[in-house]
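Asks: Here it is: the structure, laid out below.
The values are calculated or read from the model by the stated rules, or taken from the named source; none is laboratory data. For clarity, every value in this text was computed on a predicted model and none was experimentally measured. Note: ideal-geometry Cβ built from the backbone for every residue, glycine included; neighbour counts use all protein chains shown.
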Amino acid sequence: MNRRDPALRSALAAEYALGTLRGAARRRFERLVQTDAALRAEVWRWEAHLASLALRLPQQQPAAGVWAALERRIAASRQRPARRAEPRPAPLWRVWAGIAAAAAIVALVLFTQYRVVPPGSAPPAAQRAQYVALLKLPDSNMQWTLSLVPARGELHAVARGEYPQLGAHSLELWWISPQGPVPIGLLPTRGEGTLALPKELASSPAITLAVSLEPPGGSPTGKPTGPVLTSAPADRAG
Amino acid sequence: MNPTAAEPQRLMMLLAAVGRGDERAFAELYRISAGHLYALLLRILQRSDWAEEALQDCFLKIWQKAETYEPSRGAPLTWLLTVARYRALDLLRMKRPETELPDDDGAAALEATAAGDDPQEGAAAAQSSERLAECMRRLSTEQRRSVLLAYFRGYSHPELARALQAPLGTVKSWVRRGLARLRECLEAQTA
C-alpha cells in the first residue's frame with residue numbers, strides 16, 4: 001500500500017475496524033499499525049465511530065451463571081504465576097491519570113490556602129509570577145531547567161546532558177491541565193529554547209509539566225502517543 | 001440515579017482499578033457494562049450460548065488487559081464494545097464456516113436499529129451516536145446495508161455478496177464507498 005495516501009490509509013483502517021479486511025491483508029495491516037502511530041490513531045477513530053452503532057442497541061442482561069463462570073475462570077488463571085508480580089512500567093494512560101490526580105490535589109491544597117487569604121490581599125505580583133521547574137529524564141543525564149512566566153505566555157528551557165535513547169524521536173513538553181495533557185512544544189535537546197505557553201495556564205493555581213517520547217516533529221494527534229518519561233511540578237519563584 | 005448508567009468518568013476509574021487487580025471494581029465494571037456488551041454479542045452471534053461464552057472471554061481479557069486501555073482510544077464503553085466486537089468476529093470465524101450463514105435477511109431489522117432506538121448512554125455518546133445515525137441515513141441503501149451487515153453480522157465480502165445477491169466487486173465497492181462517505185460526513189460535522 002502507498003503508506004502516505006491519507007484516503008487509502010483511512011479506507012484500510014475503516015475496513016480493518018469493520019472486519020472486512022481479512023486474511024494476509026489484515027495481518028499485513030496489523031504489522032504496519034504497530035509501528036505507525038498515526039495509522040493506529042486512525043483505526044481507533046474508526047473503532048469509536050462504529051461502536052456508536054452498538055450503543056444504539058437496548059441493553060440485554062446475561063444470565064447470572066455467566067458471572068459465576070467468569071469468577072471461576074479468573075480464579076483458575078490466578079493459580080498460574082501472577083502476571084502482576086513482575087514490575088513493569090506503568091501504562092501510559094495510568095501515568096497521566098496519576099499525574100492529573102496529583103495536580104488536582106495540589107490545586108485543591110492551593111485553593112484551600114487561598115481561601116483563608118482575605119479578599120483583596122492577593123499578591124500584587126501575580127501578573128508577573130514566575131515559576132521554575134526541573135525535569136530530569138530517568139536512565140540518562142538529560143535534564144532541563146525551565147522558567148515560566150504564565151501571564152506573558154513564555155517558557156524558557158535550558159537543556160543539559162544527553163538522552164542516548166532518543167534516536168530520531170522528539171521530546172514533547174505537556175501541561176497537565178485539569179482536562180488532560182495540553183501540548184506546549186518540543187523541548188530542545190541541547191542549548192536553549194523558548195516555547196509559548198497556552199493562555200489557560202495563566203489561570204491555573206498549580207502547574208504540572210510532563211515530557212513524552214514522540215515521533216519526529218511531535219505527537220501527530222495532539223495527545224501524547226509515546227511513553228511519559230518524566231513529570232514535575234513548576235514551583236513559584238517570584 | 002440510573003444504576004446501569006455507564007458514565008465515562010466512572011468507567012475510567014473502574015478500569016484503572018481493575019488494572020491494579022481490584023476485584024470489587026471488576027464486579028462493578030461488569031455490572032455496569034455487561035448489558036451493553038451482551039446486547040452486541042447476541043446481535044452478532046445470534047445464539048445465547050455463543051454470546052455468553054464470548055462475554056466471558058471479553059471480561060477475562062478486560063481483567064487481564066485493563067491497563068492497555070488509554071483514553072485516546074475513545075470513551076471506555078466504546079473500547080469495551082470494540083473488545084467485544086473483535087472477540088465476536090474471531091468466534092464467528094472459528095464457529096461459522098462460510099457455508100452456514102444464517103439464512104435471514106437481517107438487513108431491514110438492522111436498519112431499524114441504526115435509525116431508531118435511543119442510544120443507551122450518556123450525553124456525549126448520545127451525541128456521537130446521533131451523528132453517526134444521521135450520516136448512515138445519507139448512504140445509499142446498498143451501502144448502508146453492506147456496512148450494517150458487516151458490523152452486526154460480521155460478514156466478509158463474499159458473505160455480503162451472497163446475502164445481498166450481488167457480484168463480489170460490486171459489494172466491495174459498496175463497502176468502500178459507504179465507509180468513505182461516512183468518513184466525509186462525520187468529518188464535515190465535526191469541522
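Asks: Looking at A:PRO227 and the list (1) under 24 Å from A:LEU39 (Cβ atoms); (2) buried (at least 16 other Cβ atoms within 10 Å of the Cβ), which single condition is not satisfied?
Replies: So the condition that A:PRO227 fails would be (2).
Asks: I'd like the full set of residues that are farther than 17 Å from B:ARG183 by Cβ and surrounded by 13 or more Cβ atoms within 10 Å (Cβ to Cβ), limited to segment B:131-143.
Replies: Selection gives B:GLU142 alone.
Asks: Among what's in segment A:24-43 and is surrounded by fewer than 21 Cβ atoms within 10 Å (Cβ to Cβ) and in contact with a Ser or Thr (Cβ under 9 Å, 6 or more places away or on another chain), pick the residue that is farthest from the other protein chains (Cβ to nearest Cβ).
Replies: Looking at the filtered set, the residue picked out is A:ALA38.
Asks: When you scan segment A:178-238 for strands (runs of 3 or more DSSP E) that lie fully inside it, which ones turn up with 3 or more residues that are over 13 Å from the mean Cα position of the chain (by Cα) and over 16 Å from A:ALA129 (Cβ atoms)? Can you show your working first?
Replies: On the way: elements: A:180-186, A:192-196, A:207-214, A:228-236.
Those strands (runs of 3 or more DSSP E) span A:192-196.
Asks: Can you tell me how many residues in segment A:154-178 are in contact with a helix residue (DSSP H, G or I) (Cβ under 9 Å, 6 or more places away or on another chain) and either at pLDDT below 85 or farther than 18 Å from A:LEU201 by Cα (or both)?
Replies: 3
Asks: Checking the structure you have, find out if any residue of segment A:13-22 is more than 10 Å from chain B (Cβ to nearest Cβ), without any contact (Cβ under 8 Å) to a residue 60 or more places away in the chain and surrounded by fewer than 19 Cβ atoms within 10 Å (Cβ to Cβ).
Replies: Taking every residue of segment A:13-22 in turn, none turns out to be more than 10 Å from chain B (Cβ to nearest Cβ), without any contact (Cβ under 8 Å) to a residue 60 or more places away in the chain and surrounded by fewer than 19 Cβ atoms within 10 Å (Cβ to Cβ).
Asks: Please go through segment B:154-179 and give me each residue that is facing chain A (nearest Cβ under 10 Å), assigned to a helix (DSSP H, G or I), buried (at least 21 other Cβ atoms within 10 Å of the Cβ) and not small (Gly, Ala, Ser), ordered by number.
Replies: B:LEU160, B:VAL171, B:VAL175, B:LEU179
Asks: Still on this structure, I have one more. Considering only segment A:173-183, I want to know if a residue exists there that is farther than 30 Å from B:PRO8 by Cα and β-branched (Val, Ile, Thr).
Replies: Taking segment A:173-183 as the starting set, the residues that turn out to be farther than 30 Å from B:PRO8 by Cα are none.
Checked against the condition, which is being farther than 30 Å from B:PRO8 by Cα and β-branched (Val, Ile, Thr), segment A:173-183 yields no hits at all.
Asks: Another question about this same structure. Considering only residues that are charged (D, E, K, R) and under 21 Å from A:LEU137 (Cβ atoms), look in segment A:184-224 and name the one that is surrounded by the most Cβ atoms within 10 Å (Cβ to Cβ).
Replies: Checking each candidate, the answer is A:GLU214.
For every residue, the table says whether it meets (1) at pLDDT 85 or above; (2) assigned by TED's automatic domain parsing to the domain that holds B:LEU45; (3) aliphatic (A, V, I, L, M); (4) in contact with a helix residue (DSSP H, G or I) (Cβ under 9 Å, 6 or more places away or on another chain).
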position	(1), (2), (3), (4)
B:LEU91	yes, yes, yes, yes
B:ALA108	no, no, yes, yes
B:ALA126	no, no, yes, yes
B:LEU148	yes, no, yes, yes
B:LEU164	yes, no, yes, yes
B:VAL175	yes, no, yes, yes
B:LEU179	yes, no, yes, yes
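Asks: Scan segment A:3-57 for residues that are at positive phi and either part of a loop (DSSP other than H, G, I, E, B) or of a type in the set (A, V, I, L, M, F, W, C) (or both) and jot them down.
Replies: The answer is A:GLY19, and nothing else.
Asks: Somewhere in segment A:83-91, is a residue at pLDDT 90 or above and either under 23 Å from B:ALA17 (Cβ atoms) or within 24 Å of the chain's Cα centre (by Cα) (or both)?
Replies: No - not one qualifying residue is present in segment A:83-91.
Asks: Return the total of residues in segment A:58-68 being assigned to a helix (DSSP H, G or I) and in contact with a Gly (Cβ under 8 Å, 6 or more places away or on another chain).
Replies: Taking segment A:58-68 and keeping what is assigned to a helix (DSSP H, G or I), we get A:64-68.
With in contact with a Gly (Cβ under 8 Å, 6 or more places away or on another chain) added as a condition, the list becomes none.
Looking only at that region, the number is 0.
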